[in-house]
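Taking it in order: structure first as C-alpha coordinates, then the write-up.
The values are calculated or read from the model by the stated rules, or taken from the named source; none is laboratory data. Treat the numbers as computed from the prediction; the structure is a model and nothing was measured. Quick reminder, even Gly has a Cβ in these numbers, built from the backbone with ideal geometry, and neighbours come from all protein chains shown. For the accessible areas, the whole protein counts, side chains as well, though only heavy atoms, and no ligand, DNA or RNA atoms are used. Shrake-Rupley method; radii C 1.70, N 1.55, O 1.52, S 1.80 Å.
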Amino acid sequence: MLDPTSLEKNFYEMLLESQHWPAQQLLEYQRSQLSQLLEHARKNVPFYQSRLDPVFTRTGKIDWTRWEEIPILTRQDLFDHRDSMLAPAVPLGHGETRDHWSSGTTGVPVTVRHNGLAYLASRAALARANTWHNIDPSKASCDCTKGGHDFALWPDGKLGGTWGPAWDERATGRVWHINRQTSPEQLVRFMLEKGVAYLGTRPATAHAAALEALRLKLPLKLDAVLGHGTGITEEEIEDCRRALGARLIGLYSSTECHKVAHPCPAGPNYHVNAEIALLEIVDGDGHACASGTPGRVVITPLLGTAQPLIRYDQGDTAIAGEQCGCGRTLPVLARIVGRTSHLFRLPDGRRLSLSVPPYLKKPLGTETWQLAQVAPLSFEVRYVEYLPVQPDAEDNIVKNMRGQLGEAIKVRFVKLADVPLTASGKFMENVCELPEGS
(Lines give C-alpha, C1' and ligand atoms only; values in the text may rest on other atoms or scores of the structure.)
Protein backbone atom coordinates (compact mmCIF):
# COMPACT_ATOMS: atom_id res chain seq x y z
CA MET A 1 0.00 0.00 0.00
CA LEU A 2 1.27 3.47 -0.89
CA ASP A 3 2.28 5.86 1.87
CA PRO A 4 0.14 9.02 2.41
CA THR A 5 2.59 11.29 0.57
CA SER A 6 2.51 9.09 -2.53
CA LEU A 7 -1.27 8.80 -2.32
CA GLU A 8 -1.61 12.58 -2.17
CA LYS A 9 0.66 13.01 -5.18
CA ASN A 10 -1.32 10.40 -7.12
CA PHE A 11 -4.58 12.11 -6.25
CA TYR A 12 -3.14 15.46 -7.32
CA GLU A 13 -2.10 13.98 -10.67
CA MET A 14 -5.59 12.54 -11.11
CA LEU A 15 -7.06 15.99 -10.42
CA LEU A 16 -4.96 17.49 -13.21
CA GLU A 17 -6.71 15.04 -15.56
CA SER A 18 -10.20 15.07 -14.07
CA GLN A 19 -10.49 18.86 -14.39
CA HIS A 20 -10.91 18.20 -18.14
CA TRP A 21 -13.24 15.19 -17.96
CA PRO A 22 -16.50 15.32 -19.93
CA ALA A 23 -19.52 16.13 -17.75
CA GLN A 24 -20.87 12.59 -17.90
CA GLN A 25 -17.59 11.07 -16.75
CA LEU A 26 -17.41 13.48 -13.82
CA LEU A 27 -21.02 12.73 -12.89
CA GLU A 28 -20.35 8.99 -12.93
CA TYR A 29 -17.29 9.47 -10.72
CA GLN A 30 -19.27 11.57 -8.23
CA ARG A 31 -22.05 9.01 -8.06
CA SER A 32 -19.64 6.15 -7.51
CA GLN A 33 -18.21 8.01 -4.51
CA LEU A 34 -21.65 9.08 -3.29
CA SER A 35 -22.95 5.51 -3.48
CA GLN A 36 -20.22 4.33 -1.14
CA LEU A 37 -20.83 7.24 1.23
CA LEU A 38 -24.61 6.72 1.36
CA GLU A 39 -24.32 2.98 1.94
CA HIS A 40 -21.72 3.54 4.68
CA ALA A 41 -23.84 6.20 6.39
CA ARG A 42 -27.05 4.17 6.23
CA LYS A 43 -25.39 1.05 7.61
CA ASN A 44 -23.12 2.55 10.27
CA VAL A 45 -24.36 6.00 11.33
CA PRO A 46 -27.52 6.08 13.50
CA PHE A 47 -28.53 9.56 12.31
CA TYR A 48 -28.85 8.33 8.72
CA GLN A 49 -30.52 4.94 9.21
CA SER A 50 -33.89 6.21 7.96
CA ARG A 51 -32.98 9.70 6.73
CA LEU A 52 -31.71 8.33 3.40
CA ASP A 53 -34.72 6.10 2.71
CA PRO A 54 -36.07 8.32 -0.12
CA VAL A 55 -33.17 7.44 -2.45
CA PHE A 56 -32.88 3.73 -1.73
CA THR A 57 -35.12 1.37 -3.70
CA ARG A 58 -36.48 -1.91 -2.32
CA THR A 59 -33.55 -3.74 -3.92
CA GLY A 60 -31.03 -1.45 -2.23
CA LYS A 61 -30.11 0.50 -5.35
CA ILE A 62 -29.98 4.31 -5.38
CA ASP A 63 -32.59 6.30 -7.27
CA TRP A 64 -30.74 9.49 -8.16
CA THR A 65 -33.93 11.18 -9.39
CA ARG A 66 -35.05 11.39 -5.74
CA TRP A 67 -31.82 12.97 -4.42
CA GLU A 68 -33.54 16.24 -3.53
CA GLU A 69 -35.91 14.36 -1.20
CA ILE A 70 -33.06 13.85 1.27
CA PRO A 71 -33.62 16.49 3.99
CA ILE A 72 -31.08 19.30 4.06
CA LEU A 73 -28.69 19.11 7.01
CA THR A 74 -28.26 22.26 9.11
CA ARG A 75 -25.53 23.49 11.39
CA GLN A 76 -27.99 23.17 14.27
CA ASP A 77 -28.30 19.47 13.40
CA LEU A 78 -24.55 19.12 13.82
CA PHE A 79 -24.83 20.67 17.26
CA ASP A 80 -27.94 18.75 18.38
CA HIS A 81 -27.11 15.29 16.97
CA ARG A 82 -23.33 15.11 17.05
CA ASP A 83 -23.07 11.75 18.81
CA SER A 84 -25.53 9.99 16.51
CA MET A 85 -23.79 11.43 13.42
CA LEU A 86 -20.40 9.84 14.18
CA ALA A 87 -19.41 6.59 12.49
CA PRO A 88 -17.94 3.99 14.90
CA ALA A 89 -15.30 3.25 12.25
CA VAL A 90 -14.34 4.46 8.79
CA PRO A 91 -13.78 2.27 5.71
CA LEU A 92 -10.40 0.62 5.27
CA GLY A 93 -7.86 3.07 3.87
CA HIS A 94 -9.67 6.22 5.01
CA GLY A 95 -7.05 6.89 7.69
CA GLU A 96 -7.22 8.11 11.25
CA THR A 97 -9.92 10.50 12.43
CA ARG A 98 -9.65 13.74 14.33
CA ASP A 99 -12.00 16.45 15.53
CA HIS A 100 -11.93 20.04 14.34
CA TRP A 101 -13.72 22.93 16.04
CA SER A 102 -15.50 25.63 14.06
CA SER A 103 -15.80 29.02 15.74
CA GLY A 104 -19.42 29.60 14.81
CA THR A 105 -19.39 32.70 12.59
CA THR A 106 -22.73 31.42 11.29
CA GLY A 107 -24.22 31.38 14.77
CA VAL A 108 -23.58 27.92 16.26
CA PRO A 109 -20.07 26.63 17.17
CA VAL A 110 -19.66 22.98 16.25
CA THR A 111 -17.08 20.20 16.36
CA VAL A 112 -16.74 18.09 13.21
CA ARG A 113 -14.87 14.79 12.79
CA HIS A 114 -12.82 14.18 9.62
CA ASN A 115 -10.75 11.28 8.34
CA GLY A 116 -7.23 11.28 6.94
CA LEU A 117 -8.26 10.50 3.35
CA ALA A 118 -10.54 13.55 3.24
CA TYR A 119 -7.69 15.78 4.44
CA LEU A 120 -5.36 14.23 1.86
CA ALA A 121 -7.78 14.85 -1.01
CA SER A 122 -8.36 18.43 0.14
CA ARG A 123 -4.61 19.13 0.20
CA ALA A 124 -4.30 17.72 -3.32
CA ALA A 125 -7.11 20.03 -4.50
CA LEU A 126 -5.30 23.00 -2.95
CA ALA A 127 -2.08 21.96 -4.70
CA ARG A 128 -3.96 21.90 -8.01
CA ALA A 129 -5.25 25.43 -7.43
CA ASN A 130 -1.77 26.65 -6.49
CA THR A 131 -0.52 25.17 -9.76
CA TRP A 132 -3.19 27.12 -11.62
CA HIS A 133 -1.99 30.36 -10.03
CA ASN A 134 1.76 29.73 -10.15
CA ILE A 135 2.21 29.82 -6.38
CA ASP A 136 5.88 29.19 -5.53
CA PRO A 137 6.30 26.88 -2.48
CA SER A 138 10.01 27.73 -2.24
CA LYS A 139 9.13 31.16 -0.78
CA ALA A 140 8.22 31.98 2.81
CA SER A 141 4.59 32.44 3.79
CA CYS A 142 2.59 33.79 6.72
CA ASP A 143 -0.43 31.94 8.09
CA CYS A 144 -2.97 33.98 10.05
CA THR A 145 -5.82 31.50 10.44
CA LYS A 146 -5.40 29.98 13.89
CA GLY A 147 -6.22 31.43 17.30
CA GLY A 148 -5.80 30.56 20.95
CA HIS A 149 -4.65 32.41 24.06
CA ASP A 150 -1.00 31.42 23.72
CA PHE A 151 -0.57 30.46 20.05
CA ALA A 152 1.95 32.35 17.88
CA LEU A 153 1.49 35.65 19.65
CA TRP A 154 2.78 38.95 18.26
CA PRO A 155 5.55 40.07 17.96
CA ASP A 156 7.41 36.74 17.78
CA GLY A 157 4.90 34.48 16.08
CA LYS A 158 5.95 30.89 15.47
CA LEU A 159 8.12 29.45 12.73
CA GLY A 160 6.74 26.22 11.30
CA GLY A 161 7.95 23.78 8.71
CA THR A 162 7.57 23.84 4.95
CA TRP A 163 4.08 24.67 3.68
CA GLY A 164 4.08 23.21 0.18
CA PRO A 165 3.24 19.61 -0.76
CA ALA A 166 5.52 17.05 0.86
CA TRP A 167 6.01 15.38 -2.53
CA ASP A 168 7.09 18.60 -4.30
CA GLU A 169 10.89 19.02 -4.30
CA ARG A 170 10.41 22.80 -4.70
CA ALA A 171 8.58 23.02 -1.38
CA THR A 172 11.42 24.47 0.70
CA GLY A 173 9.71 27.67 1.87
CA ARG A 174 8.74 27.78 5.54
CA VAL A 175 5.62 29.18 7.13
CA TRP A 176 5.43 31.80 9.86
CA HIS A 177 2.33 31.52 12.06
CA ILE A 178 0.77 34.54 13.73
CA ASN A 179 -2.33 34.51 15.93
CA ARG A 180 -5.46 35.53 14.02
CA GLN A 181 -6.39 37.96 16.81
CA THR A 182 -3.32 40.03 15.94
CA SER A 183 -4.31 43.57 14.94
CA PRO A 184 -4.02 44.60 11.28
CA GLU A 185 -1.11 46.94 12.04
CA GLN A 186 0.74 44.21 13.94
CA LEU A 187 0.13 41.75 11.10
CA VAL A 188 1.64 44.15 8.57
CA ARG A 189 4.71 44.80 10.72
CA PHE A 190 5.14 41.07 11.36
CA MET A 191 5.12 40.19 7.65
CA LEU A 192 7.49 43.04 6.85
CA GLU A 193 9.98 41.82 9.45
CA LYS A 194 9.80 38.16 8.34
CA GLY A 195 10.11 38.89 4.63
CA VAL A 196 7.24 36.60 3.54
CA ALA A 197 5.94 36.35 -0.02
CA TYR A 198 2.47 34.98 0.75
CA LEU A 199 -0.25 35.58 3.32
CA GLY A 200 -2.90 32.98 4.11
CA THR A 201 -5.92 34.42 5.92
CA ARG A 202 -9.51 35.50 5.42
CA PRO A 203 -9.94 38.08 2.62
CA ALA A 204 -11.45 40.62 5.02
CA THR A 205 -8.47 40.27 7.39
CA ALA A 206 -6.04 40.77 4.50
CA HIS A 207 -8.07 43.78 3.41
CA ALA A 208 -7.85 45.37 6.85
CA ALA A 209 -4.08 44.78 6.86
CA ALA A 210 -3.75 46.29 3.39
CA LEU A 211 -5.56 49.43 4.52
CA GLU A 212 -3.25 49.71 7.52
CA ALA A 213 -0.21 49.37 5.25
CA LEU A 214 -1.55 52.25 3.16
CA ARG A 215 -2.29 54.40 6.19
CA LEU A 216 1.13 53.81 7.75
CA LYS A 217 2.94 53.97 4.40
CA LEU A 218 4.74 50.70 5.15
CA PRO A 219 6.62 49.18 2.17
CA LEU A 220 5.20 45.66 2.45
CA LYS A 221 5.05 43.75 -0.84
CA LEU A 222 3.63 40.26 -1.30
CA ASP A 223 3.33 37.93 -4.27
CA ALA A 224 -0.21 36.91 -3.35
CA VAL A 225 -2.79 36.76 -0.60
CA LEU A 226 -4.32 33.30 -0.37
CA GLY A 227 -7.77 34.04 0.98
CA HIS A 228 -9.59 31.41 3.06
CA GLY A 229 -13.31 31.05 3.67
CA THR A 230 -15.74 33.03 1.55
CA GLY A 231 -15.79 34.99 -1.68
CA ILE A 232 -13.88 38.20 -2.30
CA THR A 233 -14.98 41.67 -3.39
CA GLU A 234 -13.57 43.94 -6.05
CA GLU A 235 -12.63 46.44 -3.35
CA GLU A 236 -10.61 43.80 -1.48
CA ILE A 237 -8.84 42.79 -4.70
CA GLU A 238 -8.00 46.36 -5.64
CA ASP A 239 -6.82 47.46 -2.17
CA CYS A 240 -4.56 44.41 -1.79
CA ARG A 241 -3.06 45.17 -5.20
CA ARG A 242 -2.67 48.86 -4.38
CA ALA A 243 -1.22 48.41 -0.89
CA LEU A 244 0.68 45.14 -1.17
CA GLY A 245 1.23 44.69 -4.90
CA ALA A 246 -0.43 41.32 -4.38
CA ARG A 247 -2.94 39.18 -6.16
CA LEU A 248 -5.86 38.24 -3.90
CA ILE A 249 -6.71 34.62 -4.68
CA GLY A 250 -9.87 33.49 -2.96
CA LEU A 251 -10.35 29.99 -1.62
CA TYR A 252 -13.90 28.93 -0.83
CA SER A 253 -13.62 26.59 2.13
CA SER A 254 -15.03 25.71 5.52
CA THR A 255 -14.12 23.66 8.56
CA GLU A 256 -16.98 21.30 7.81
CA CYS A 257 -16.42 20.79 4.08
CA HIS A 258 -12.69 21.42 3.45
CA LYS A 259 -11.61 23.02 0.15
CA VAL A 260 -14.81 23.59 -1.81
CA ALA A 261 -13.85 25.78 -4.78
CA HIS A 262 -10.96 27.82 -6.19
CA PRO A 263 -10.93 30.81 -8.54
CA CYS A 264 -10.19 30.26 -12.21
CA PRO A 265 -6.86 31.83 -13.22
CA ALA A 266 -8.42 32.98 -16.50
CA GLY A 267 -11.42 34.90 -15.19
CA PRO A 268 -13.82 35.72 -12.34
CA ASN A 269 -15.38 32.26 -11.96
CA TYR A 270 -14.78 29.74 -9.19
CA HIS A 271 -14.28 26.07 -10.09
CA VAL A 272 -15.84 23.56 -7.69
CA ASN A 273 -13.63 20.70 -6.53
CA ALA A 274 -16.26 18.28 -7.78
CA GLU A 275 -14.01 15.25 -7.29
CA ILE A 276 -14.18 15.70 -3.51
CA ALA A 277 -17.55 17.40 -2.96
CA LEU A 278 -21.00 17.61 -4.51
CA LEU A 279 -22.12 21.24 -4.43
CA GLU A 280 -25.73 22.27 -4.99
CA ILE A 281 -27.27 25.75 -5.26
CA VAL A 282 -30.84 25.37 -4.05
CA ASP A 283 -33.92 27.45 -3.34
CA GLY A 284 -35.89 27.60 -0.10
CA ASP A 285 -37.50 24.22 -0.83
CA GLY A 286 -34.19 22.48 -1.49
CA HIS A 287 -34.57 22.31 -5.27
CA ALA A 288 -31.82 23.27 -7.72
CA CYS A 289 -31.67 26.91 -8.82
CA ALA A 290 -31.14 27.84 -12.44
CA SER A 291 -27.76 29.26 -13.47
CA GLY A 292 -27.58 32.94 -12.58
CA THR A 293 -30.10 32.67 -9.73
CA PRO A 294 -28.83 33.12 -6.14
CA GLY A 295 -29.45 30.21 -3.80
CA ARG A 296 -28.28 28.41 -0.69
CA VAL A 297 -25.03 26.46 -0.90
CA VAL A 298 -25.56 22.79 -0.01
CA ILE A 299 -22.51 20.53 0.07
CA THR A 300 -21.88 16.80 0.43
CA PRO A 301 -18.17 15.98 1.05
CA LEU A 302 -17.68 12.74 -0.89
CA LEU A 303 -15.02 11.30 1.43
CA GLY A 304 -16.52 12.41 4.73
CA THR A 305 -17.00 8.99 6.26
CA ALA A 306 -16.08 9.83 9.88
CA GLN A 307 -19.07 12.15 10.21
CA PRO A 308 -21.06 12.14 6.95
CA LEU A 309 -22.49 15.53 5.99
CA ILE A 310 -25.09 14.68 3.38
CA ARG A 311 -26.73 17.75 1.83
CA TYR A 312 -25.24 20.13 4.38
CA ASP A 313 -26.35 23.77 4.29
CA GLN A 314 -23.07 25.66 4.30
CA GLY A 315 -24.77 28.86 5.46
CA ASP A 316 -23.77 30.74 2.31
CA THR A 317 -25.49 32.19 -0.73
CA ALA A 318 -23.93 31.73 -4.18
CA ILE A 319 -24.77 31.83 -7.88
CA ALA A 320 -24.08 28.94 -10.26
CA GLY A 321 -22.51 29.87 -13.58
CA GLU A 322 -22.21 28.41 -17.06
CA GLN A 323 -19.24 26.33 -18.21
CA CYS A 324 -16.02 28.33 -18.09
CA GLY A 325 -14.15 29.21 -21.26
CA CYS A 326 -10.77 28.25 -19.76
CA GLY A 327 -11.09 24.61 -20.89
CA ARG A 328 -11.71 23.16 -17.43
CA THR A 329 -14.99 21.29 -17.22
CA LEU A 330 -15.42 21.53 -13.45
CA PRO A 331 -18.71 23.07 -12.23
CA VAL A 332 -18.70 26.85 -11.96
CA LEU A 333 -19.72 29.34 -9.31
CA ALA A 334 -20.24 32.74 -10.90
CA ARG A 335 -20.29 34.48 -7.54
CA ILE A 336 -20.11 33.66 -3.84
CA VAL A 337 -22.37 36.21 -2.18
CA GLY A 338 -21.37 35.32 1.37
CA ARG A 339 -22.71 34.08 4.66
CA THR A 340 -26.49 34.17 4.88
CA SER A 341 -26.16 35.07 8.57
CA HIS A 342 -24.26 38.21 7.58
CA LEU A 343 -26.84 39.39 5.05
CA PHE A 344 -29.00 42.25 6.29
CA ARG A 345 -32.60 41.25 7.01
CA LEU A 346 -35.33 43.81 6.35
CA PRO A 347 -38.88 43.77 7.77
CA ASP A 348 -40.35 43.07 4.31
CA GLY A 349 -38.48 39.74 4.19
CA ARG A 350 -35.62 40.76 1.94
CA ARG A 351 -32.08 39.55 2.68
CA LEU A 352 -29.31 41.44 0.96
CA SER A 353 -25.67 42.40 1.05
CA LEU A 354 -24.97 46.10 1.49
CA SER A 355 -22.25 47.59 -0.73
CA VAL A 356 -21.32 51.18 0.07
CA PRO A 357 -18.75 52.59 -2.42
CA PRO A 358 -15.24 52.83 -0.96
CA TYR A 359 -14.84 56.43 -2.20
CA LEU A 360 -17.23 57.47 0.60
CA LYS A 361 -14.72 56.34 3.23
CA LYS A 362 -12.15 59.10 2.78
CA PRO A 363 -14.57 62.00 3.43
CA LEU A 364 -15.39 60.23 6.70
CA GLY A 365 -11.66 60.34 7.47
CA THR A 366 -11.26 56.56 7.44
CA GLU A 367 -9.96 53.61 5.45
CA THR A 368 -11.74 51.03 7.60
CA TRP A 369 -15.36 50.74 8.65
CA GLN A 370 -17.92 48.16 9.66
CA LEU A 371 -21.56 48.39 8.60
CA ALA A 372 -23.76 46.73 11.24
CA GLN A 373 -27.48 46.07 11.44
CA VAL A 374 -28.44 46.41 15.11
CA ALA A 375 -32.27 46.45 14.77
CA PRO A 376 -34.70 45.77 11.89
CA LEU A 377 -34.42 49.36 10.63
CA SER A 378 -31.38 50.59 12.59
CA PHE A 379 -27.77 50.49 11.38
CA GLU A 380 -24.38 51.62 12.64
CA VAL A 381 -21.37 52.79 10.66
CA ARG A 382 -18.42 51.93 12.91
CA TYR A 383 -15.16 53.50 11.81
CA VAL A 384 -11.61 54.34 12.82
CA GLU A 385 -10.94 58.03 12.19
CA TYR A 386 -7.51 58.83 10.76
CA LEU A 387 -8.30 62.28 9.32
CA PRO A 388 -10.91 64.95 10.14
CA VAL A 389 -14.43 64.23 8.90
CA GLN A 390 -15.41 66.36 5.91
CA PRO A 391 -18.73 68.23 5.66
CA ASP A 392 -21.60 66.16 4.24
CA ALA A 393 -19.60 62.91 4.63
CA GLU A 394 -22.19 61.32 6.90
CA ASP A 395 -25.12 62.62 4.85
CA ASN A 396 -23.72 61.09 1.65
CA ILE A 397 -23.22 57.69 3.30
CA VAL A 398 -26.76 57.72 4.74
CA LYS A 399 -28.16 58.65 1.32
CA ASN A 400 -26.33 55.74 -0.29
CA MET A 401 -27.48 53.27 2.37
CA ARG A 402 -31.11 54.43 2.12
CA GLY A 403 -30.95 54.01 -1.63
CA GLN A 404 -30.19 50.32 -1.07
CA LEU A 405 -32.18 49.59 2.08
CA GLY A 406 -35.07 52.06 1.99
CA GLU A 407 -35.80 55.55 3.27
CA ALA A 408 -37.11 54.29 6.63
CA ILE A 409 -33.75 53.15 7.98
CA LYS A 410 -31.90 55.00 10.72
CA VAL A 411 -28.10 55.28 10.65
CA ARG A 412 -25.83 56.06 13.60
CA PHE A 413 -22.09 56.77 13.26
CA VAL A 414 -19.79 55.28 15.91
CA LYS A 415 -16.13 56.26 16.13
CA LEU A 416 -13.78 53.47 17.29
CA ALA A 417 -10.17 53.42 18.45
CA ASP A 418 -9.28 50.19 16.63
CA VAL A 419 -10.40 48.08 13.69
CA PRO A 420 -13.35 45.96 14.89
CA LEU A 421 -12.62 42.22 15.05
CA THR A 422 -14.88 39.35 16.04
CA ALA A 423 -14.19 37.25 19.13
CA SER A 424 -12.34 34.78 16.88
CA GLY A 425 -10.13 37.53 15.44
CA LYS A 426 -11.90 38.03 12.12
CA PHE A 427 -12.74 41.31 10.43
CA MET A 428 -16.16 41.62 8.80
CA GLU A 429 -17.22 44.76 6.96
CA ASN A 430 -20.91 43.78 6.96
CA VAL A 431 -22.38 42.22 10.10
CA CYS A 432 -26.01 41.46 10.97
CA GLU A 433 -26.51 41.46 14.72
CA LEU A 434 -30.20 40.58 14.71
CA PRO A 435 -31.17 37.36 16.52
CA GLU A 436 -32.02 34.52 14.14
CA GLY A 437 -35.74 34.41 13.42
CA SER A 438 -36.30 38.11 14.12
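Sorted on the mean count of surrounding Cβ atoms within 10 Å across their residues, most packed first, peptides 405-411, 10-16 read 10-16, 405-411. At a probe radius of 1.4 angstrom, the accessible area of the chain per residue rounds to 45 square angstrom. Size estimate for the stretch 300-403 follows the Kirkwood approach: the inverse of mean 1/r over distinct Cα pairs works out to 17.3 Å. Can you give the angle from 0 to 90° between the axis of helix 203-216 and the longest principal axis of the chain, with both taken from C-alpha atoms, to the nearest 10? Value to nearest ten degrees: 30.
The string of couplings for the stretch 67-80 from the Karplus curve (6.51, -1.76, 1.60, θ = phi - 60°) is 3, 6, 7, 5, x, 6, 8, 10, 5, 5, 4, 4, 6, 7 Hz, one whole number per residue in order, with x for Gly and Pro. Atom-type composition of the exposed protein surface of the chain places 51 percent of the accessible area on carbon and sulfur (1.4 angstrom probe). Taking the helices alone, the chain has a mean residue ellipticity at 222 nm of -8000 deg cm²/dmol, built from -39,500 (n - 2.57) per DSSP H run of at least 4 residues and averaged over all its residues. Taking Cα atoms, how many degrees apart are the long axis of helix 4-18 and the longest axis of the chain, rounded to 10 and kept between 0 and 90? So the inclination is approximately 80 degrees. The distance between label points at Arg170 and Gln25 comes to 2.5 nm (points 7 Å beyond Cα on the Cα→Cβ vector). Each residue of the stretch 178-185 was assigned a 3J(HN,Hα) from its phi angle through the Karplus expression (A = 6.51, B = -1.76, C = 1.60, θ = phi - 60°), giving 9, 4, 6, 8, 5, 5, x, 5 Hz with x at Gly and Pro. Roughly speaking, what is the centre-to-centre gap between the stretch 379-403 and the stretch 140-206 when only Cα atoms are used, to the nearest Å? Between the Cα centres of the stretch 379-403 and the stretch 140-206 lies a distance of 34 Å.
Scanning residues 5 or more positions from Leu73 or on other chains, those with amide H under 5 Å from its amide H are Tyr312, Asp313, with H placed 1.01 Å from N in the peptide plane. Oblate is the label for the stretch 94-205, because the ratio a/c of its alpha-carbon gyration tensor axes (a ≥ b ≥ c) is 1.5 or higher and a/b is not greater than b/c. Between Ile72 and Ser138, the simple spin-label model (points 7 angstrom out along Cα→Cβ) gives 4.8 nm. Of Lys158/Lys194; Lys221/Lys415; Lys217/Lys399; Lys194/Lys361, which ones are farther than 20 Å apart at the Cα? Where the Cα-Cα span goes over 20 Å, the pairs concerned are Lys221/Lys415; Lys217/Lys399; Lys194/Lys361.
Karplus-based coupling profile of the stretch 264-269, in residue order and whole Hz: 6, x, 9, x, x, 6, with θ = phi - 60° in 6.51 cos²θ - 1.76 cosθ + 1.60 and x standing for Gly or Pro.
Cβ-Cβ distance of Lys221 and Asp63, R₀ of 60 Å, FRET efficiency by 1/(1 + (r/R0)^6): the value works out to about 0.60. Less than 5 angstrom separates the built amide H of Leu251 from those of Gly227, His228, Gly229, all sequence-distant by 5 or more or on a different chain. The peptide list 242-250, 143-151, put in order of mean Cβ contacts within 10 Å with the highest first, becomes 242-250, 143-151. Shape call for the stretch 28-101 from the C-alpha gyration tensor, a ≥ b ≥ c root eigenvalues: rounded (a/c under 1.5), prolate (a/b greater than b/c) or oblate? Judged from the Cα gyration tensor, the stretch 28-101 comes out oblate (a/c at least 1.5, b/c at or above a/b).
Axis of helix 23-44 versus longest Cα principal axis of the chain: the two differ by about 80°, to the nearest ten degrees. Inter-label distance, Arg82 to Glu322: 4.6 nm, where each label sits 7 Å from its Cα along the C-beta direction. FRET efficiency for the Lys415 to Lys194 pair, using the beta carbon distance and R₀ = 51 Å, is estimated at 0.95.
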